[in-house]
Amino acid sequence: MHRLFLSLLLIGTFLMASCTFAGSPAPQHPSPQFSDGKFRNPVPMFKQSPAQLVRLSWTFLMGKNKDTVPSGVIPVQALTRAQLLAAPDNTLFRLGHSTLLLKLDNAFYLTDPVFSKRASPVQWAGPARFHQPPISIEELPPLKAVILSHDHYDHLDHASVLALAAKTEHFLTPLGVGERLVAWGIDAAKVTELDWWQERKVGNVRLIATPAQHFSGRSLTDGNATLWASWVFVHKDLRVFFSGDTGYFDGFKAIGDKFGPFDVAMVETGAYDEQWPDVHMQPEQTLQAFLDLKGKWLMPVHNGTFDLSLHPWHEPFDRIAALASARGVRLATPEMGQALDLKNPAPGQAWWKRVDPAPG
């Protein structure tokens, strides 16, 4: 059931990226990224042919290796509200996939919150979590802001957003995504939509929506109706980058030139494949993006929580760790729930190697 549902979801996802379907008229946006009713990347995207989509779906259904899911237990350091409140400023906690909790200026900022069991439009099928979140939504302290990169199910979780609404002061989103939140019942006064290069100051933290190369949509009728973005966090002399989902493109250099160097860059490394080359990065591209950004420490994200591709679940960690070592790049790989000092990061252990030990 899981693989059949995932293969169908995959076909729908790529159709959303490349096709136009009849549906309700999309809202118009005065944005350079918006044209003919859709948001678009500056460079046209690779499009799967119908035959390629069928082959890809068959591979997901019948050809996936068992090691796309861990056989062992992912280590998780459980968190409490008291621990978070006592943590010093400039601390980051990875909660899973691309869900990151940052404590800045004695307030909490949360990216792409997904606390549900599955990254899916339904909770009876679809990619299931490898591990529980280190903390529940109920236990989280009040949030200064939730920052969303785009509207895919593994980044924008309907149940999590609704559960977070009462304890969140601000929701910052790319264009169009905020309209989804308001339609779900989030107070419009809490929602701010930004185009690329626009910014909003929340508390004493500058939050800048920066370019990414991706796509959007949650059904077959709304492909690219909303924008996608990466994000820059600036507080005093701290600069942090969050990639969201993206392929490799020249925007990384532009971001690095404008806002770098970054103390820590959280860059996607996972759910990649040569069959979708421009919406997720191979680890070699992740490393180059980090160099373009002028980062000091690289923290790979978008891995370790959901089965969203064909590669072994631990491969993104193995490859980026080897690449970083060869290039002398400082790599931070905290366990889920482990505190990371953004001003003085620690490398962390290769925890993924303990989950599925190599034979012999």
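Numbers at a glance
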item	result
Within region 109-118, considering residues that are of a type outside the set (Asp, Glu) and buried (at least 22 other Cβ atoms within 10 Å of the Cβ), the one farthest from SER230 (Cα to Cα)	VAL114
Residue within region 245-254 that is more than 20 Å from GLN33 (Cβ to Cβ) and either modelled with pLDDT of 95 or more or open to solvent by 20 Å² or more (accessible area, probe 1.4 Å) (or both) present	no
Condition check for LYS343: closer than 30 Å to PRO88 by Cα, open to solvent by 30 Å² or more (accessible area, probe 1.4 Å) and in a strand (DSSP E or B)	no
Scope region 192-209; condition open to solvent by less than 20 Å² (accessible area, probe 1.4 Å), touching a residue at least 40 places away in the same chain (Cβ under 8 Å) and touching a Lys or Arg at 6+ places or on another chain (Cβ under 8 Å); matching residues	VAL202, VAL205, LEU207
Filter result for the condition that a residue is without any contact (Cβ under 8 Å) to a residue 12 or more places away in the chain, closer than 19 Å to PRO357 by Cα and not in a loop (DSSP other than H, G, I, E, B), over ALA322, ALA326	ALA322
Inter-residue pairs, beta-carbon under 8 Å, first outside any loop (DSSP other than H, G, I, E, B) and in region 44-57, second surrounded by 12 or more Cβ atoms within 10 Å (Cβ to Cβ) and modelled with pLDDT of 80 or more, 6+ apart	GLN52/GLN275; LEU56/GLN275
Tally, over region 32-77, of residues that are within 21 Å of the chain's Cα centre (by Cα) and farther than 30 Å from LEU175 by Cα	7
Condition met for ALA324 (in contact with a helix residue (DSSP H, G or I) (Cβ under 7 Å, 6 or more places away or on another chain) and crowded, with 16+ Cβ neighbours inside 10 Å)	yes
Meets criteria (β-branched (Val, Ile, Thr) and touching a His at 6+ places or on another chain (Cβ under 8 Å)) for VAL264	no
Residue within region 255-264 that is buried (at least 22 other Cβ atoms within 10 Å of the Cβ) and assigned to a strand (DSSP E or B) present	yes
Flag if GLY223 is crowded, with 16+ Cβ neighbours inside 10 Å, farther than 21 Å from ALA107 by Cα and in contact with a Cys (Cβ under 9 Å, 6 or more places away or on another chain)	yes
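The values are calculated or read from the model by the stated rules, or taken from the named source; none is laboratory data. All values derive from a computational prediction rather than experimental measurement. Here the Cβ is made from the backbone with ideal geometry for all residues, glycine too, and neighbour counts use every protein chain on show. With ligands, DNA and RNA removed, areas are computed over all heavy atoms of the protein, side chains included. Shrake-Rupley method; radii C 1.70, N 1.55, O 1.52, S 1.80 Å.
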